[in-house]
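*Asks:* Take a look at this one; I'll ask things after.
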Amino acid sequence: MADAGKFKKVRLSTEPTPEALADLKLGDVVYLDGTVYTAREGAYMRALQDGAPLPMTLPLESGANFHCSPAASIAEDGTIAIGAVTATASFRFSKWIGEWLALSGAKLILGKGGMTSADYKRHFVPHGAIYLTTVGYGTGALLGRGITRVKDVHWRKELGLAQAMWVLEVSNFGPFIVESDMNGDSLFERENKKIAAGLAKVYEGTRPAVLKRFGETDDRSDEMI
Amino acid sequence: MISIDVIQETAEKLMAQAAIEIPDDYLTGLKQAADAEDGDLSSFVLQAMLENYEAAKEDRRAMCGDTGCPRWYVKLGNDARIEGGPVALEEALRRATANATQNVPLRPNRVHPLWRTDHDNNVGIGAPEIEYGFEPGGDWIDLTTVHKGGLFGTDYRMLFPSDGIEGIKRFYLDSLVAFGKRGLACQPAIIGIGLGGSKDTCMVLGKRAACLRTVGDRNPDPKIAALEEEFKELGNSIGMGAMGFVGNSMVIDCHIEVGYCHTGGMQMSVHAFCLSSRRAVARVHGDGRVEHRTDPEWFTPFQRRETVGWQMPENSKKSA
Ligand code: SF4
């Protein structure tokens, strides 16, 4: 087994200073302290397309937007049970992210799988924001442990439990891995490049399907997102 | 007569167990993969996952925040009679799903595809799926719940006999490489491959191959078993590990199931049962006994039979 413990571990505030962000390198492991909120397509559409006023003061209350729906329930008396939290794939939100960063002032986008370095350079870098990816991605129980309190649930009626904006107080919330830096480079893209170099060999002895499909590419260094 | 209350009670327990406890066979497979992993980032991810399973068990919380789409595989012994009949059975499974969603809690993932209506209980039109199988003999019902996650990692393609094994390999690799990047498939996974049948049954076979067979299990056809081994190794030689980082842990195991198909075609489906390979099984007997186990034992000689009639082979009587 390789050395899984060699990565730099950082405790980071959910409202990080530009200096703290500049210190982070691709592949660093991050644990968060402060407040994060969930917002995904439901909240983006409501805020950006329908123009609904934000239900919380951003980025004052939190600078960390988590692409997530928690495994949680609200009993009839209003008691909230929150178990595990796991991110959802972020690339699907790329069309809203520039506007969202401008509106929310978020400095940290937390999610699954990252976005493209083109997105980072175009949208994240100008707003001084970076992307932290969750790990696994199934580390929902570990992340659940880092939640100390559910502060609020906004737009629950309008968007349902899964798409609502959950405001979570967190401590030592992680692990996350630094996927994009202040330069807009992507860890995933760096890894993809290394892997692509060996793919031709793996494909030896295989054959393209006799019946082709529209949109097919044979360039395996292409991404599907 | 099998008691409907025992069925519902058992189903609720299974829902929680599936969400919280990673099955032993997958855990053992993942530990082996972690030992063999030589990519450092991928190793870090696997280590975090192993800690995560522990945390989930200790805290009795779901292992993954995306608790997937709960579904039921129901198998009935030929002599089973259920109190209230199949309608009561389906209601009990739907109720168990709704109750567990509130109590564990699970994420209310299920929504209407167009109106996005969410009942906050994982129940709705066609949800949870309930699929049936039968076995000769026996007054029992097997309840298996699978909480399949992952919007990525599944694909279907109509291949033809002339595509051959080389074509099957190509599509297999294509699926792993496409969905393995950035770890969208949440690998390492149990990969299920369906071959043959029709388009719909091919998907069903592949999904069942991924979700209803345990790590280490081999197809009884020795040539298919050899392919399973070969494909496992091939998947792990792509150079990709957990989260799409450089490494060698893509595939915990590969299972292939086949069904007779149209003479001109060779349907193929690929499914990935993710890092949260959640399943839980119990048998409820007519006399009220409940036995829990990890292996769904779905693919019995009876399920894979080729003949018109059925004569139980002496050596497989235990499956009934
Ligand atoms: S694919 Fe599996 S491990 Fe990944 S987020 Fe979904 S349920 Fe969790």
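Coordinate-derived values only; no laboratory data. As the structure is a computational prediction, the values presented were derived from the model and not from experiment. Virtual Cβ from ideal backbone geometry, glycine too; neighbours counted across all protein chains shown.
*Asks:* For chain A, what's the relative contact order in percent, using C-alpha pairs closer than 8 Å and at least 6 residues apart?
*Replies:* Answer for chain A is 24 percent.
*Asks:* Can you pick out the pairs among B:LYS169/B:LYS223; A:LYS201/B:LYS181; A:LYS8/B:LYS148; A:LYS201/B:LYS232; A:LYS9/B:LYS232; A:LYS107/B:LYS57 whose Cα atoms lie more than 25 Å from each other?
*Replies:* A:LYS8/B:LYS148; A:LYS9/B:LYS232; A:LYS107/B:LYS57
*Asks:* Highest GNM mean-square fluctuation, chain B, Cα pairs closer than 10 Å: which of B:TRP310, B:TRP72, B:TRP298?
*Replies:* Most flexible of the set in this elastic network: B:TRP310.
*Asks:* Pick out which of B:PRO86, B:PRO105, B:PRO136 has the largest mean-square fluctuation in a Gaussian network model of chain B, springs linking Cα atoms closer than 10 Å.
*Replies:* Among B:PRO86, B:PRO105, B:PRO136, the largest mean-square fluctuation in the Gaussian network model of chain B belongs to B:PRO86.
*Asks:* How many Cβ atoms of partner chains, on average, are near each residue of B:143-153 if near means within 10 Å of its Cβ?
*Replies:* Whole-number average of other-chain Cβ neighbours for B:143-153 is 1.
*Asks:* Out of the GluC sites (Glu not before Pro) in the stretch A:61-117, which ones are loop residues according to DSSP with at most 16 other C-beta atoms within 10 Å?
*Replies:* A:GLU61, A:GLU76
*Asks:* Moving on. Whole-Å semi-axes of the stretch B:150-272's equivalent ellipsoid, largest first, each the root of 5 times a Cα gyration tensor eigenvalue?
*Replies:* 22, 15, 13
*Asks:* Can you tell me which of B:ASP59, B:ASP139, B:ASP217 moves the most in a GNM of chain B? Springs connect C-alpha atoms under 10 Å apart.
*Replies:* B:ASP59
*Asks:* While we're on this one: Would you please name the trypsin sites (Lys or Arg not before Pro) within the stretch B:237-320 that are DSSP coil residues with at most 16 other C-beta atoms within 10 Å of their C-beta?
*Replies:* Loop-located and lightly packed - B:ARG289, B:ARG304, B:ARG305.
*Asks:* For chain A, give the magnitude of the charge dipole about the Cα centre (Cβ charges: +1 Lys/Arg, -1 Asp/Glu; no others), in debye to the nearest 20.
*Replies:* Dipole about the Cα centre, nearest 20: 420 debye.
*Asks:* To continue, here is another question. For the protein assembly as shown, which cysteines have no second Cys with its Cβ under 4.7 Å from theirs?
*Replies:* A:CYS68, B:CYS64, B:CYS69, B:CYS202, B:CYS211, B:CYS254, B:CYS261, each lacking another Cys Cβ under 4.7 Å.
*Asks:* Among the DSSP beta bridges whose two residues both lie in the protein assembly as shown, what percent are antiparallel, rounded to the nearest 5?
*Replies:* 65
*Asks:* Just counting partner chain Cβ atoms within 10 Å, what average do the residues of peptide A:182-188 show around their Cβ?
*Replies:* Mean shielding count: 2.
*Asks:* Can you give the relative contact order of chain B as a percent, counting alpha carbon pairs under 8 Å and 6+ residues apart?
*Replies:* Once divided by the residue count of chain B, the mean separation gives 25 percent.
*Asks:* So what's the protein assembly as shown giving for Rg/Rh, alpha carbon basis, Kirkwood Rh from the mean inverse pair distance?
*Replies:* A ratio of 0.97.
*Asks:* How about the stretch B:267-313: which GluC sites (Glu not before Pro) there are in a DSSP loop, with at most 15 other Cβ atoms within 10 Å of their Cβ?
*Replies:* In loop regions of the stretch B:267-313 (DSSP not H, G, I, E or B), the sparsely surrounded GluC sites (Glu not before Pro) are B:GLU306.
*Asks:* Here's a follow-up. How would you rank B:ASP120, B:ASP79, A:ASP181, going from fewest to most other Cβ atoms within 10 Å of each one's own Cβ?
*Replies:* Fewest-to-most ranking of B:ASP120, B:ASP79, A:ASP181: B:ASP79, B:ASP120, A:ASP181.
*Asks:* Order by neighbour count: B:THR294, A:THR14, fewest other Cβ atoms within 10 Å first, most last.
*Replies:* B:THR294, A:THR14
*Asks:* Taking every residue in A:16-23, how many Cβ atoms of other protein chains lie within 10 Å of its Cβ, on average?
*Replies:* So the per-residue partner count for this stretch is 0.
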